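The values are calculated or read from the model by the stated rules, or taken from the named source; none is laboratory data. Every value quoted in this text rests on a predicted model; they were computed, and no experiment measured them. Positions of Cβ are backbone-derived with ideal geometry, glycine not excepted, and every protein chain shown enters the neighbour counts.
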Amino acid sequence: MRRHHSSLSRGLLAGVALSAVLGAPAAHAQTATEADIVEVLTWIEAGSAQELLAKRRAAISAVPSGFGLSGGNLSLSLSGTYGPERSPNDDDNDRFDASTAVAFGFGDPVSAVGVELGLVLSSFRDFGASGFLTVGVNRQFAFEGGVTSINVSASNLAAWGDAENNDVSYSVVGSVAYALGNTPMVTTLGYGTSYGTGFGFSEDDCYVECEGIVFGIGAGISETWAISAGVVGDHSILGATYFPATVEGLSANIWVRDADDSDSATFGVDLGFITNVFGG
C-alpha cells in the first residue's frame, strides 16, 4: 500500500515538475536534461497505470490464480457446469454438476505473507456429503505499473465422501497484473499435481490425479467486463468475467472448456463474492 501511494504522489509531483520544465523561459529550460524529462514522463506513466488498474480489472476465468486472500477477506463461491456425462455406466448419470466453497484470509501478502484456508463442498445435490479442505500461502511483489503474486497451495485435505478417492494435490502459481497501453492485463503461469495431462508433465494413462501446467491471459475491456483465454493441463479455456457496478465484490465468470471437442466440451458459470469482514 505504501508503494501505491508513493507512485501516485510521484506522478502528481512529476506533473508539476514537467509543467515547470515545459513552461519555463528558454534560458532556464536548458537546465533540464533529456534524462530529467524522461524520468518525469516515467513517473507519470507509472501513476497512470496504477489509476487504470484501480478503475478497470482484468481476470482469467476457470484458471487458478497466483493471487490469494489477505487478512480479513472472506470469499464465497458457487460453481455450476454442463458437460459430458459424469457416470457413463450409471443409469442415473447427469451432465450437470455443481460445487460451493468458502475461504478466509489471514496475514498481509504485501509486507509478509497471506494465508488462505478454504472449505469446498463438492456434492451439491446431497449437500455436504462430499468435500475437502484447502490451504494456500501467497506473497505479492509490487513494481512500477503493476503487481505480481505467487501462491503455493494444497487441496483435497481431510477429504470425505466421494472426494476421499482423490489424492491430496499441490500447486504453485504465479500471476502478474499490469497495464498494456490503456488495457489492464493479467497473466498466469503455474504447475500442479492435479491439473490434467499435457505438455509432457504426466503419463499417457493418467486419468484423475495427474500433473500439468496452467497458463492464462486476461484483459479488462471495460469497467465491468474482462475476457480471457488459457489452458489447464491439456484443456483449453475461453471465458469472460462480469463485475456488476452495483454490488462491490461480486463477479460472474462464464467459460467454456474444450470448445473444439464436442465429446468433452463443458460450459460453466462461477459466481463469486469477496468482502472484508472487518470493513477494511
Members of region 258-280 that are in a strand (DSSP E or B), farther than 24 Å from Val214 by Cβ and in contact with a Leu (Cβ under 7 Å, 6 or more places away or on another chain) | Thr275
Considering residues that are part of a strand (DSSP E or B), more than 16 Å from the chain's Cα centre (by Cα) and either outside the structural domain of Leu271 (by TED's automatic domain parsing) or not aliphatic (A, V, I, L, M) (or both), the number found within region 222-257 is 3
Restricting the first residue to region 97-118 and requiring it to be on the phi > 0 side of the Ramachandran plot, which pairs with a second residue that is surrounded by fewer than 18 Cβ atoms within 10 Å (Cβ to Cβ) and among the β-branched types (Val, Ile, Thr) meet a Cβ separation below 7 Å and a spacing of at least six or different chains?
-> Gly107/Val113
When Ala129 is run through (1) modelled with pLDDT under 95; (2) aliphatic (A, V, I, L, M); (3) surrounded by 15 or more Cβ atoms within 10 Å (Cβ to Cβ), the failure sits at (3)
